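Computed from the coordinates by the stated procedures, all read-outs in this text should not be read as laboratory data. Everything numeric here is computed off the predicted structure, so don't read it as measured data. Cβ placement follows ideal geometry from the backbone for every residue including glycine, while neighbour counts extend to all protein chains displayed.
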Amino acid sequence: MSQKKKNKKPTKQNPFSFGPILIIIGMISGFYAYQYYMRPEINILNVDTQYIKETKEDDMRIRFSFKLKNDGKSKTKNSRLFSVFPKWGINGSGITVSPYDSVYSDIFDLIEDKETTFITYKDINFDDFIQYTNMAGGLYLVVILRWQSDNITFWGRTFENHMLFFLQSGMKDDKMVFQIQQVKQEYFTRWFTKETEEPDMFKTVKDLGATRFLYGDVSRFD
């Protein structure tokens, strides 16, 4: 007696495969890892400050020497340094702060692991200097470093390093110098920032919490 052969049902193939998705995820992860590794980063290693001379009857001039370094892995371009002395005031609602003299300077572009020294001068009204020194025991300075990368993977992005410094005056070799201490630092990434667009220094001063540090002992920064 012959046995009938059973017809095998064809195995259904799963049209969905995780392979291409895993490849895409791997490519995206690798791209971001590469960007993180290659990101340029300008930092201030040291600041030397010294009183120079009175430029006008009511002003005094301070010389700043910034030692800068690119701690990243790609060359910077369109590098700039913005600086401002916050202007303090007091009204019915408390302490107010606004930019005093926001200025910027173009600085040298840096290759990876490269250092440079940038020198600039800032003037401040002598009476304001005395007032701020009496209130806070020193003088505040806000610095913003801004740069881009020459690496095409960072197209459209502008990087910024915001810093708040505190200066205390002293004497060395019969000259007025300043001890400078970094109080706070924050990094930002901007998208499609126009080259002519200046940072909002008023917002930066507020974001760095400068008004919180106006009164009290300098040890509060430690």
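Summary table
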read-out	value
GLU112 paired with ASP71, simple spin-label distance in nm, labels 7 Å along Cα-to-beta-carbon	1.6
Spacing of the two label points (7 Å from each Cα toward its C-beta) at TYR187 and LYS206, in nm	2.6
Potential extension, LYS175-MET38 segment - 0.36 nm per residue separation minus Cα distance	45.0 nm
Among the listed pairs LYS172/LYS206; LYS175/LYS203; LYS87/LYS184, those beyond 28 Å (Cα-Cα)	LYS172/LYS206; LYS175/LYS203
Sequence-separation-based contact order of the range 41-216, relative, with Cα cut under 8 Å and 6+ spacing, percent	23
Förster radius 22 Å - calculated FRET efficiency between THR153 and LEU22, Cβ distance, rounded to 0.05	0.50
Protection-proxy order for peptides 168-177, 154-163, each taking the mean of Cβ atoms within 10 Å per residue, highest first	154-163, 168-177
Theoretical gain in end-to-end length, TYR104 to THR196 [0.36 nm per residue, Cα-Cα removed]	32.0 nm
Ordering of 117-130, 66-79 by packing [mean C-beta count within 10 Å, highest first]	66-79, 117-130
